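Here is the structure we will look at.
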Amino acid sequence: MKTQIQAGGPRMVNIGGCELGGHTRIIVPLMGSSVDVVLGQIDALAGQPVDMVEWRADAMIAAMTGTPVNEVGATLVEAGRTVAASCPLPVIATIRTANEGGLAQLNDEDYAHLVGLLAAVFPAVDVEIMREDAPGIIAAAHRAGAVVVASNHDFDQTPDDDRLTEVFQLMNRGGADILKIACQAQSPFDVVRVLGAQVWARAAFDRPIIAIAMGEAGAITRLSGSHLASAATFATVGEASAPGQMTAKQTRMMLDLVG
């Protein structure tokens, strides 16, 4: 992993009043096929040690399969405004596609269009870096006023070190504010490599990094804390969005121990 390390203090990114890049933040996914389900999940957050949420809009998109994209977009905007107004925590809006373990089946054009609509509603959006013209999607989201989390997911394996480096470099060149990878860990060696990539990327690109090894073997990456450059981790209050997630209370307890 070779790139020039930037000088200066660590860069922080603010999402709706919550800063990433210091102490590890806890993010909880909201996954529901209807607004009412998502609002119920928001109610369940009361009293939970959660810093922000990720609205997985792909669950709602999947429930509208076969609907013209303009109608899907109008529904998402209306739903998004309700979610944003009802949630007391900052929200990252995410459309996770089937290519990366999600529920939405979208071509590149429709994906870019829908992410752009959400960027005008929420303080932050997720952009899959392997999408066609991901840098253009990121730039459009910035113009709409949203922070961008660039992401890449591999539910089959942990890529080799060169590939991990390449993915982070793509995200950096694309102009994302926060860089996130999640890979399926097959062994403890995969876990160590993911943690090493996280530490390296934080130093190399001076922006918040989220690197997760999914599955039982990778559970420690969800609890690695800020000393290993983890900007945020994902936990559950109800339904999990990826293998290996622990409850928000379990995660908070462990993060308080490791710092």
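What do you get for the angle between helix 108-119 and the principal long axis of the chain? Use alpha-carbon atoms, 0 to 90 degrees, nearest ten. Computed tilt is about 90 degrees. Backbone amide hydrogens, once placed in the peptide plane, bring residue 14 within less than 5 Å of 20, excluding anything fewer than 5 places away on its chain.
The residue list 198, 175, 157 was ranked by how far each Cα lies along the charge dipole of the stretch 155-206 toward its positive end, using unit charges on Cβ atoms, and 175 comes out on top. To the nearest ten degrees, helix 188-205 and the longest principal axis of the Cα atoms of the chain are 80 degrees apart. Relative to the longest principal axis of the Cα atoms of the chain, the long axis of helix 69-86 makes an angle of roughly 70 degrees.
Full extension of the chain between residue 142 and residue 256 yields a length gain of 37.7 nm, computed as 0.36 nm times the residue separation minus the alpha carbon distance. The HN-Hα couplings worked out from phi for the stretch 10-25 by the Karplus form 6.51 cos²θ - 1.76 cosθ + 1.60 (θ = phi - 60°) are x, 7, 10, 10, 9, 10, x, x, 10, 8, 10, x, x, 4, 5, 8 Hz, whole numbers, x standing for Gly and Pro.
What length, rounded to one decimal in nm, is gained on full extension from residue 156 through to residue 169, with 0.36 nm per residue of separation minus their alpha-carbon distance?
Working: separation 13, 0.36 × 13 = 4.68 nm, distance 2.14 nm.
Full extension of this stretch gives 2.5 nm more.
At 1.4 Å probe size, with the rest of the protein present, what percent of the exposed accessible area of the chain is carbon and sulfur atoms?
On the way: 5620 of 10830 Å².
It is 52 percent, rounded to a whole number.
Here the dipole of the chain is about 800 debye; that uses its Cα centre as origin and unit charges on the Cβ of Lys and Arg (positive) and Asp and Glu (negative). As I understand it, the dipole of the stretch 3-160 uses +1 on the Cβ of Lys and Arg and -1 on the Cβ of Asp and Glu, about the Cα centre. Which of 32, 105, 124 lies farthest toward its positive end? Going by the charge dipole, the pick is 124.
For the chain, the longest stretch holding no trypsin sites (Lys or Arg not before Pro) located in a DSSP loop with at most 16 other Cβ atoms within 10 Å is which? The reported range is 12-259. Summed over the residues of the chain and divided among them, the accessible surface reaches 42 Å² per residue at a probe radius of 1.4 Å.
When a/c is below 1.5 the answer is rounded, else prolate if a/b is larger than b/c, else oblate, so apply that to the stretch 27-160 with a ≥ b ≥ c taken from the square roots of the Cα gyration tensor eigenvalues. Numbers along the way, then the final one.
Working: a/c = 1.38, a/b = 1.24, b/c = 1.12.
Here the stretch 27-160 falls in the rounded category.
Measuring between their Cα centroids, the stretch 148-204 and the stretch 128-147 lie 19 Å from each other.
Sparsely packed loop sites in the stretch 108-197 (the chymotrypsin sites (Phe, Trp or Tyr not before Pro) outside DSSP H, G, I, E and B with at most 11 other Cβ atoms within 10 Å) do not occur.
The values are calculated or read from the model by the stated rules, or taken from the named source; none is laboratory data. Computed from a predicted structure; not experimentally measured. We place every Cβ from the backbone using ideal geometry, glycine too, and count neighbours over all the protein chains shown. Protein only, heavy atoms only, side chains kept; ligands, DNA and RNA dropped before computing areas. Shrake-Rupley method; radii C 1.70, N 1.55, O 1.52, S 1.80 Å.
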